[in-house]
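Quick note: the coordinates plus some simple rules give every number you see, no bench work behind them. In this text, all values refer to a predicted model and were calculated from it rather than measured experimentally. So basically every Cβ, Gly included, is an ideal-geometry build from the backbone, and we count neighbours across all protein chains shown.
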Amino acid sequence: MPKLDITTIIRPGLLALALLSPLPVFAHAILVKSQPAKDETLTESPKQIDLWFNDAVRSEYKALAVIDSTGKRVDNHDVEQSLTNGANIHATVPTLAPGVYTVRYRVVSEDTHIVTGKFEFTIKP
Ligand SMILES: [Cu+2]
């Protein structure tokens, strides 16, 4: 009786296992909600700007800036990621005067891609 070579059984088994087990799929971050909302007109200054993505984003390299219509950065340079929701980042702003503001953001998705974007909101008392 020919000697049974165990590897002739294990190798295909491992291959099948590798093929069947789902590869981890990391999300590409997409902005799904913000406060203020894109192109929203507010009657008073917000206290903070909140962004929500479709999935948790990485904590490193994140940025959130608010720029006024003269190009001046007006946020408090304090972007943070929510401790309870990795898909949310926020930054505070001082009381903003009436005008048009641009929010610029940058995050690193779980799939390692850097996502940037911007949108505007208006304060009109
Ligand atoms: Cu991606």
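Calculate the spin-label point distance for ALA63 paired with HIS28, positioning each point 7 Å from the Cα along the beta-carbon direction, and give it in nanometres.
Each label point is offset 7 Å from its Cα along the Cβ direction, giving 2.1 nm.
State the Kirkwood hydrodynamic radius of the stretch 42-93 in Å, one decimal place, computed from all pairs of distinct Cα atoms.
11.9 Å is the Kirkwood radius here.
Determine ³J(HN,Hα), in whole Hz, for all residues of the stretch 112-119 in sequence, where each value follows from phi through the Karplus function 6.51 cos²θ - 1.76 cosθ + 1.60 and θ = phi - 60°; x replaces Gly and Pro.
My calculation for the stretch 112-119 gives 6, 6, 8, 10, 10, x, 8, 7 Hz in order.
What ratio of Cα Rg to 2.2 N^0.38 Å holds for the stretch 31-123?
Rg over 2.2 N^0.38 Å, computed on Cα atoms: 1.03.
With label points built 7 Å along Cα→Cβ from the Cα atoms of THR84 and THR70, find their separation and express it in nm.
Simple spin-label model gives 3.9 nm for this pair.
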